[in-house]
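Every number in this text was worked out from the coordinates using simple rules, so none of it is lab data. Source: prediction; values computed, not measured. Quick reminder, even Gly has a Cβ in these numbers, built from the backbone with ideal geometry, and neighbours come from all protein chains shown.
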Amino acid sequence: MKTGSFFTCLAACLAIVATPAALADADSAPSFAGKDVDLMRLDNGMVIEGRDIETPDGYTSGFRLIAGFTPLSLPRLDLAAEFSYRESDEVPTQMGGNNLLVDSVSLGGSLMAGVRIGQLGLYAKSGVMGWEGDAVIPRDAIDTGGTTRVTGLGARLSINRLISRLEFEEFDAPDMAHLNLLTASLHYPF
């Protein structure tokens, strides 16, 4: 099954499952929420959240800004838009048989849809990212850039005050494979 078909099927399943009668009571945090603290929660239901991005290998850092809401007619469905900025320094890569160290900067945007089933939140995202990269070693060996598709899946489970998250994000470009990431976290505010 192609990735596009998978996300179409997933969105259809989320829409069917998101009817209020089909779901148990859920907490009020959006399915994609990372912590119980938002940057901003507006009176109209819009939630704005920000997160730092840091890869375990230490090559990439940046941030995400997510703005989302829950439609009044579908109280368990969450819709959002994500903006991300990533900066990668001295990432080892190979091009044309040559070993290179590359610096890159990327900007991306994704649309997200999620559903809350009790204390479990599931979401999917799809979007596009543009990047520019320069070779550090050997100096000015390449100047590259482009755009690519971004896809991802995630889950959030909150039990009492413990919040656990699992997210997979994939970039459909060999030059940006170092950004493909599977993250898991536990958050317990005290």
*Pick out, from Gly50, Gly133, Val105, the residue whose Cα sits farthest towards the positive end of the charge dipole of region 42-190, with +1 on the Cβ of Lys and Arg and -1 on the Cβ of Asp and Glu.*
Gly50
*For Leu101 paired with Ile48, estimate the spin-label separation in nm (one decimal), with each label point 7 Å from Cα along the Cα-to-Cβ line.*
3.8
*At q = 0.15, 0.19, 0.25, 0.29 Å⁻¹, what is the log10 ratio I(q)/I(0) for region 71-113, with the Debye formula run over Cα points and no solvent?*
-0.59, -0.71, -0.87, -0.95
*asked:* Pairs of alpha-carbon atoms within less than 8 angstrom and 6+ residues apart define the contacts here; what relative contact order does region 54-190 have, in percent?
replied: 16
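In percent, how large is the relative contact order of region 42-114, given Cα pairs closer than 8 Å and 6 or more residues apart?
Here the relative contact order equals 26 percent.
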*For region 66-177, convex hull volume per residue from C-alpha positions, Å³*: 109
*Which parts of region 101-122 would a label at Thr144 reach, counting a residue when its backbone N lies under 15 Å from a point 7 Å out along Cα-to-Cβ?*
101-106
